[in-house]
Each structure stands twice: as C-alpha cells, then as structure tokens.
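In what follows, a single structure is set out as structure tokens and then discussed.
The values are calculated or read from the model by the stated rules, or taken from the named source; none is laboratory data. Since the structure is predicted, the reported quantities are computational estimates derived from the model, not experimental observations. Cβ atoms come from the backbone with ideal geometry, glycine included; neighbour counts cover every protein chain shown.
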Amino acid sequence: MIQEEQIRAQIEKVVLPEIPRTLGQMNVLKKIERQEQSVSVLLNSTGLSEKSQVKIQKLIRSAVARLDKTLEIKIEFVESAPKEVNTFGKIIAVMSGKGGVGKSLVSGLTAVALRRAGFEVGILDADITGPSIPKMFGMTTRPSFDSKAILPVISNTGIEVMSLNLLLPSEEESVIWRGPMIGQVITQFWEDVLWGKLDYLIIDLPPGTADAPLTVLQRIPVSGIVMVTTPQDLTTMIVKKAVNMAKHMHKPIVGVVENMSYLYVAELNKKIELFGKSRGEEMAHAAGAPLIAQIPIDPELARLCDQGEIERYDSEEVKRLGEFMEKTPMSCDPACTSDCNSCNCHCEGESE
C-alpha cells in the first residue's frame, strides 16, 4: 500500500504554472489525508489563478497516478494570506548608514553563495527609491499577482526576488515618494508576497537610519544584521551610526563585510589599497561582530553585475560569505515567544 508520505513527496514535486517553483518550495500543500482507496489533498490557493488551480489539479492527479492508478483523488483549495503560508529559516538584513558602499552587492553575493550551497533563498529589495538587485540578476520579468498575493520573480539559479523595479514601467522610472509610502511598500513585500518556504531571506536595506530601515527592523523578525563598510574614514564614521541604530533596536549584528577593500594586480602579485588602509577590523570591533569578508575591487565582478550575471561570479570571499551564514547561529526577534510561535523564524534552540 502506498504510504501518505510517498504521496506527499510526489505532490510536492509538482511545479506551479506561474513560476518555476514546486508546491513544496512554495509551501502550497496544506494537508494530505489517505483513506482506503482515496486521497484528500488540501492546497492553499494564495496567488493562484483559477486557470492555474485547474492545471495544478491535473498535475497532481497525474503525479499520484504514477504511484497508484486506482486511488481516487479529492482536491480542495482554501484561501490563506501569504504571511500565513510563508516560513523562513533565517532573515538577514544587509545594512549600512552610508550609500554606495555595496549593500546590494553583498546582498546579491550572499544569496548566490547560499543558493550554491543548496539552500532556498529569497531577496527582498527594500531599497525602494534606488533598487539595483534586478539589474544585477538580469531580471526583466514582471511578477504575477492577484488581489491576494504577489509571486516573486525567480533568478536563473532559483533565487526568489521581489523589488519595486520589477513593477515599474521601466527600470529608469524614478520613485518620488515620502517615507510612509515607502514603508507601506516594504510591508507589502513582507506580508503580501508568496515567498513560500525559504531557508534564508536576504533584505537589502537602503542607506541611512530613517524610515525604510526602521520599518524593516520594527516589522520584520530579523535574525541578524550584516553591516557593510568600506575603508574610507568618512564611511566608517557614518556606518557606526547604523551600528548604533541596530543596537538601539536590539537587533544582533552577526558580521561585518568590508567592500572595495583593495585592488589585486595579478601582474605584480600585489594588493593595492586604493581607499586607504583597511578599517574592517575597527568596524568589526565597534559592531561587536566578526569581520566576515573583505571584498576586493574586481573588474570581472563589476562586468558581470552590469550584464545581469552576478550568479556566475565566484571567489573565496563569496564562499566565505555563504559558509559564515550557514554556520552562524542567529537569534530571532526579542518580541518572539520562547518557542518562536509568534514568527516564522527557526532560531537556535527552537523546539521542532
């Protein structure tokens, strides 16, 4: 007799019509009940059009028939808000008080590294007025959505992305909004996007310590913050403001990344510190967190980002980013209950 677990595994492999993600990855499968000669399947209809639901039913019947053609399949859809469907392992905010230091670059490279390690990863682009994530990943497809949910756009390697630039008429369109509107959009990206089941959600924050970062740190159960800096003294001073903000908000800074740390000249086998001596360790000491990586100025990385092919870039620093995130335990939001029932994080010590 075919077991319920076998049927569940088969159904979870069914790919959604809208995006190249399975029912299991999007956490759409809600419940399965096996009777003597029938199987009842309950699915979340969130973000799925009626046409898609019809296709999914056919795909599920075909999938189960491969196990047992005699089983009667009963399929039902129920509506749930995306935030009731989504589950996250770790939520990492990439932050800096200074603009132009490479937060989006670090966000992108971190996501790429974690995806290569086999994790399910998403990027929430919270830099509403200056989004650059879609450009780095070569994304031009508009997200599909209905009145209940928005489906993220999927990168070439399977990273989920939601950015305002994916919703604008053109990538050059300017967003001239006041703080409350920006906060509302960030909240919508958190609550109304069907992220599904992710091991990591990377949040690319805009510079500064005002409305947008405040919205993220107050409304989203961030597991840890990665602080991005560069060697310049001015940058170090401003980034320390962001460090102080994180501490005031009781959000753990798990690591520091120094971008544009040096230029390596292969012909001379020499590292040239174009922006002065590294201040990475100084910043790490101020943040009370380890220095994770020192990313060099690399023309190849710049070229790949410009061409929308960041997922092709590889280096020891990228590997280090992924390994650090994978190995580092992160606590959830202080507002969570001890067993983490008030949010979807899976912090250290959570009872399974």
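Scanning the stretch 115-132 for residues being of a type outside the set (A, V, I, L, M, F, W, C), within 12 Å of the chain's Cα centre (by Cα) and within 19 Å of VAL222 (Cβ to Cβ) gives a total of 3. Within the stretch 82-102, the residues that satisfy the criterion of being under 29 Å from VAL28 (Cα atoms) and either crowded, with 20+ Cβ neighbours inside 10 Å or of a type outside the set (Lys, Arg) (or both) are PRO82, GLU84, VAL85, ASN86, THR87, PHE88, GLY89, LYS90, ILE91, ILE92, ALA93, VAL94.
You will find that of PRO221, PRO143, PRO213, the residue that is in a loop (DSSP other than H, G, I, E, B), over 15 Å from the mean Cα position of the chain (by Cα), surrounded by 14 or more Cβ atoms within 10 Å (Cβ to Cβ) and assigned by TED's automatic domain parsing to the domain that holds VAL121 is PRO143 and no other. Considering (1) closer than 17 Å to GLY102 by Cα; (2) not in a helix (DSSP H, G or I), say which one THR157 fails and leave the rest. So the condition that THR157 fails would be (1).
When the residues of the stretch 19-54 are narrowed to those that are surrounded by fewer than 19 Cβ atoms within 10 Å (Cβ to Cβ) and touching a residue at least 40 places away in the same chain (Cβ under 8 Å), which ends up farthest from GLY118 (Cα to Cα)? Here the answer is SER49.
For the criterion of being touching a strand residue (DSSP E or B) at 6+ places or on another chain (Cβ under 8 Å), closer than 21 Å to GLN188 by Cβ and surrounded by fewer than 21 Cβ atoms within 10 Å (Cβ to Cβ), THR129 fails. For the residues LYS51, LYS69, LYS83, LYS58, the requirement of being at pLDDT 95 or above, basic (Lys, Arg) and either closer than 16 Å to ALA149 by Cβ or outside the structural domain of GLU160 (by TED's automatic domain parsing) (or both) singles out LYS58.
How about the stretch 279-298: which of its residues are among the acidic types (Asp, Glu) and assigned to a helix (DSSP H, G or I)?
The first filter runs over the stretch 279-298 and keeps only residues among the acidic types (Asp, Glu), leaving 281-282, 298.
Hits for the stretch 279-298 are GLU281, GLU282.
Filtering the stretch 46-76 to residues that are under 22 Å from ASP192 (Cα atoms) and in a loop (DSSP other than H, G, I, E, B) leaves THR46, GLY47, LEU48, SER49.
Within the stretch 3-18, the set of residues being assigned to a helix (DSSP H, G or I) and either under 25 Å from the mean Cα position of the chain (by Cα) or of a type outside the set (Lys, Arg) (or both) comprises GLU4, GLU5, GLN6, ILE7, ALA9, GLN10, ILE11, GLU12. When VAL94, VAL112, VAL106 are screened for being under 15 Å from the mean Cα position of the chain (by Cα), more than 30 Å from LEU43 (Cβ to Cβ) and part of a strand (DSSP E or B), only VAL94 passes. Please indicate, with yes or no, whether at least one residue in the stretch 252-260 is loosely packed, with under 14 Cβ neighbours inside 10 Å and farther than 19 Å from GLU317 by Cα. No, the stretch 252-260 has no match at all. Going by the conditions given, is GLY97 touching a His at 6+ places or on another chain (Cβ under 6 Å) and farther than 12 Å from ILE159 by Cα? No; evaluated as a whole, the condition is false for this residue.
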